[in-house]
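Worksheet: the structure to be examined is printed underneath.
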C-alpha cells in the first residue's frame, strides 16, 4: 500500500492489533499522494473498530514521524452522525481509505458522505445559549479587569469562544484552533481585521474595547448580547 516500508509496517501493526473495519488517513496528509507520505513528519489515522466501546487515541513518534491515531467504534460513529458532532465532521473533512473490510464498510462511508453533505442546523435555543454564555463571559472579564494577568488570559480565551460561536451561528464547520484565523480571514475579512487588531493591541483598555467590538460584531445579527435567562430549559455543556 505505502511506498515507504516504515509506514507499511505501522499499518500492518494496526491491522494485527485491532482487526479494524477500516483505516483512514485523515488531516492534511489525506490531501497528498500516498507515495509522498514518507516525506511528511506528521501523520493522522482514523481506525474504525467494531468491538470497542470508547473513542481512544494514541500519539507517538517513531523514526522521526509523529503518528496520531484515533480509534472510533462504529456504533459511536453512528451516534456522532445522529447528534451531529462537529469534531467528527472535522475528522472526515479530508480522508483517504487505506484499508477496509468489504463489502459493508463501503456502506458506512457512503452514509458518512451523505451526512457531511447535510447542512448544519442551529436551534433558537442554541442561539440564545451562545448569546447568554458569551455575555456572561464578557461580564466576568469586565469584573476582573483590575487583575491584569488574569484579564488578558480571559480575554484571549473569550476570543476563541466567540470565534467558535461564529461558526456555529453561521452553521459552518469549525476548523481546529490552529486554522481558525486563516478560515476567518477567508470567509469574513472584516472580522479577521478586528481579531488582528485585538491580538496585536498591547494596551489593556484598548484591547478590551476591541474584544467588545468583536463580540458585538458576532452577536448583533442574532439578537445581540443576552444578560438574563428566564426560567426554563438550559443546555448542559
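A compact table of results
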item: Pairs, first farther than 17 Å from residue 118 by Cβ in segment 84-101, second surrounded by fewer than 17 Cβ atoms within 10 Å (Cβ to Cβ) and modelled with pLDDT under 85, C-beta under 6 Å, six or more apart; result: 94/31; 98/1
item: Scope segment 39-74; condition more than 19 Å from the chain's Cα centre (by Cα), surrounded by 13 or more Cβ atoms within 10 Å (Cβ to Cβ) and not in a strand (DSSP E or B); matching residues; result: 40, 50, 52, 74
item: Any helices (runs of 4 or more DSSP H) falling wholly within segment 140-237 and containing at least 1 residues that are modelled with pLDDT under 95 and under 18 Å from the mean Cα position of the chain (by Cα); result: 148-169, 177-187
item: Hits in segment 197-227 (condition: under 30 Å from residue 88 (Cβ atoms) and touching a helix residue (DSSP H, G or I) at 6+ places or on another chain (Cβ under 7 Å)); result: 214, 215, 217, 218, 219, 222, 223, 226
item: Options 174, 165: the member that is surrounded by 13 or more Cβ atoms within 10 Å (Cβ to Cβ), closer than 29 Å to residue 92 by Cα and in contact (Cβ under 8 Å) with a residue 60 or more places away in the chain; result: 174
item: Residue ID - modelled with the highest pLDDT, chosen from residues in segment 12-37 that are part of a helix (DSSP H, G or I) and surrounded by 17 or more Cβ atoms within 10 Å (Cβ to Cβ); result: 14
item: Top-ranked residue of segment 125-162 - restricted to ones that are in contact with a helix residue (DSSP H, G or I) (Cβ under 7 Å, 6 or more places away or on another chain) and under 13 Å from residue 224 (Cα atoms), ranked as surrounded by the fewest Cβ atoms within 10 Å (Cβ to Cβ); result: 127
item: Output for segment 177-196, where each listed residue is surrounded by fewer than 16 Cβ atoms within 10 Å (Cβ to Cβ), touching a residue at least 12 places away in the same chain (Cβ under 8 Å) and touching a helix residue (DSSP H, G or I) at 6+ places or on another chain (Cβ under 6 Å); result: none
item: Qualifying positions in segment 38-61 - in contact with a strand residue (DSSP E or B) (Cβ under 9 Å, 6 or more places away or on another chain) and without any contact (Cβ under 8 Å) to a residue 24 or more places away in the chain; result: 51, 52, 53, 54, 55, 56, 57, 58, 59, 60, 61
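The values are calculated or read from the model by the stated rules, or taken from the named source; none is laboratory data. Here the structure is a predicted model, which means the values were calculated and not measured. No Cβ is skipped: glycine too gets one built from the backbone with ideal geometry, and neighbour counts run over all protein chains shown.
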